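Below is one structure; the comments refer to it alone.
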Amino acid sequence: MLLVPLACNAQSRAQAQQNVQQQQTQNQLQQSQQQQQLHQGVSDNAKAPNANNPQATQQSDQADQARQQQERAQQQNMVRDADAAQNQPASARSS
């Protein structure tokens, strides 16, 4: 009769672990988004002195786009890795 409570307990632990992992992923994504906003603000401030210089503005815009693409890719990787971990069998996660 001890097998049923142990199985339920293992499921509860697995669910709790999954909840913690989801919260950590959400926290990481939120932090990443805040960093993006900070970077964008810094970039916008740096562009101000060169507002009348189309070449400098274009270079700054290209650098911003590259940084944003990199940050988006990092966020997508974070979500993909979290989804992959969540979809692993419970036995694989606990090892």
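List the residue pairs whose Cβ atoms are under 7 Å apart, where the first residue sits in segment 16-30 and is more than 15 Å from Gln88 (Cα to Cα) and of a type in the set (A, V, I, L, M), the second is open to solvent by less than 60 Å² (accessible area, probe 1.4 Å) and part of a helix (DSSP H, G or I), and the two are 6 or more positions apart or on different chains.
Leu29/Gln75; Leu29/Met78
Quick one: Gly41 ticks every box in (1) loosely packed, with under 10 Cβ neighbours inside 10 Å; (2) at pLDDT 90 or above bar one, so which box is it?
Only one criterion in (1) loosely packed, with under 10 Cβ neighbours inside 10 Å; (2) at pLDDT 90 or above is unmet by Gly41, namely (1).
If I filter segment 45-59 for residues that are in a loop (DSSP other than H, G, I, E, B), on the phi < 0 side of the Ramachandran plot, at pLDDT 90 or above and surrounded by fewer than 10 Cβ atoms within 10 Å (Cβ to Cβ), do I get at least one hit?
yes
Residue check: is Ala66 out of contact with any strand residue (DSSP E or B) (no Cβ under 6 Å at 6 or more places or on another chain) and surrounded by 12 or more Cβ atoms within 10 Å (Cβ to Cβ)?
Criteria not met by Ala66.
Does segment 20-37 include one or more residues that are open to solvent by 60 Å² or more (accessible area, probe 1.4 Å) and either in contact with a Pro (Cβ under 7 Å, 6 or more places away or on another chain) or of a type in the set (D, E, K, R) (or both)?
No, the conditions are met nowhere in segment 20-37.
The values are calculated or read from the model by the stated rules, or taken from the named source; none is laboratory data. The structure presented is a predicted model; accordingly, all values stated were derived computationally and were not measured. Glycine also receives a Cβ, built like all others from the backbone with ideal geometry; neighbour counts cover every protein chain displayed. Remember, those area values only see protein heavy atoms, side chains included, never the ligands or the DNA or RNA. Shrake-Rupley method; radii C 1.70, N 1.55, O 1.52, S 1.80 Å.
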